[in-house]
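So the structure is just underneath, and the comments pick up after that.
The values are calculated or read from the model by the stated rules, or taken from the named source; none is laboratory data. Not measured: the values here are computed from a predicted model. Positions of Cβ are backbone-derived with ideal geometry, glycine not excepted, and every protein chain shown enters the neighbour counts. We work out accessible area using only protein heavy atoms, side chains counted, and drop any ligands, DNA or RNA first. Shrake-Rupley method; radii C 1.70, N 1.55, O 1.52, S 1.80 Å.
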Amino acid sequence: MGSIKGGTSDLAANLFSHPSVVPPFAKEVFDTDPEVRREHYPTVTEMRRVRRQTGNARTGYFTPALTFLDLPGRYRAAVPDAKVVLVLRDPVSRAYSQYKWELLVGGPEAAVAPAYAAFVEASLAAYPEPAPTYCGLPLLRSGEYDVLTAAWLAAFGLDRIHLVRSEDYFADRTTLAGIYEFLELPAIDFVPVPRVNENPLVTPGEDPASKALLAEFYRPHNRRLEESFGRDMGWT
């Protein structure tokens, strides 16, 4: 679980390569109703077969739907013993990646403004209301992890949540071993796969002023997240 452009696609692709993980028919199912999602998932018979063959079997919800605040309660009601893997990326760099994605899928006219600085300024000016985005997901709110993870903590508790920094995951994919252990999956050798969903656009990069504005905006949110999980995230 995570926000868009936080690394969920790459992590899902690597989890899907584990023989004990049975993926849904679609990686992303944008409906929080478990009954609607049910048709995308393996049958009880299929899960039993995989469990016999590999020692365990897991499936899951891999949509980057951290901003869907009603999802944790619905998921807990449907799967009370679920385990949750949260992958969170520095919200400042995540925001720029979302801007690049908007340009990739919608073109320059799809973004709030063709320049990143104007995109950030428009989002900050509209806050707490979300500024328009092509993807329909809010730029700033998608990085307010303290707010977005609170419902998951309330629903499942800290002991059933495994928090992964996106930066650690991409620096060393062998962090998957810790995820396998948390999910009670048999240990396997890591098999490198090409990086998934990487944006090919070449852009000028984040301007220092926009980075500073976003860092100031997210600083209190990051501190509260760290207090909730009892760990230093290492972000500005």
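The table that follows gives values for the structure above.
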read-out	value
Residue satisfying condition, being closer than 23 Å to Trp101 by Cα, open to solvent by less than 90 Å² (accessible area, probe 1.4 Å) and not in a loop (DSSP other than H, G, I, E, B), within set Ser228, Ser210	Ser210
Conditions (1) closer than 24 Å to Val196 by Cβ; (2) crowded, with 16+ Cβ neighbours inside 10 Å; (3) in contact (Cβ under 8 Å) with a residue 40 or more places away in the chain: number failed by Cys135	(2)
Test result for Leu158, open to solvent by 50 Å² or more (accessible area, probe 1.4 Å) and within 18 Å of the chain's Cα centre (by Cα)	yes
Residues of the stretch 42-70 satisfying the condition of being hydrophobic (A, V, I, L, M, F, W, C), out of contact with any helix residue (DSSP H, G or I) (no Cβ under 8 Å at 6 or more places or on another chain) and surrounded by 14 or more Cβ atoms within 10 Å (Cβ to Cβ)	Met47, Val50, Phe68
